[in-house]
1. Give me a count of the residues in the stretch 3-31 that are in contact with an Asp or Glu (Cβ under 7 Å, 6 or more places away or on another chain) and surrounded by fewer than 10 Cβ atoms within 10 Å (Cβ to Cβ).
2. Residues of the stretch 8-30 being at pLDDT below 90 and hydrophobic (A, V, I, L, M, F, W, C), which ones?
3. Hey, can you tell me all the residues within the stretch 17-43 that are of a type in the set (V, I, T) and closer than 18 Å to L7 by Cα?
4. Read through the list (1) in contact (Cβ under 8 Å) with a residue 12 or more places away in the chain; (2) outside any strand (DSSP E or B), then give the number of the only condition that G27 fails.
Amino acid sequence: MLLLRKLLKKYGDTVILDIPDLQLDSGIYWIKGANGAGKTTFLKF
């Protein structure tokens, strides 16, 4: 299980990612999006 709480990512004063609470149970997940959508940025916390 993966549990994220109060995850906030900013560049300067601009909020890029704000996840107050996320719980993922065991399994296989993927992140889908176009180039430049922020997939890599999401994983760099």
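The values are calculated or read from the model by the stated rules, or taken from the named source; none is laboratory data. If you're wondering where the values come from, they're calculated on a predicted model, not measured in any experiment. As a convention, Cβ positions derive from the backbone with ideal geometry for all residues, glycine included, and neighbour counts pool all protein chains shown.
1. Qualifying residue count, the stretch 3-31: 1.
2. Residues satisfying the conditions are I16, L17.
3. Let us first name the residues in the stretch 17-43 that are of a type in the set (V, I, T), namely 19, 28, 31, 40-41.
Scanning the stretch 17-43 gives I19, I31, T40, T41.
4. Result: G27 passes all but (1).
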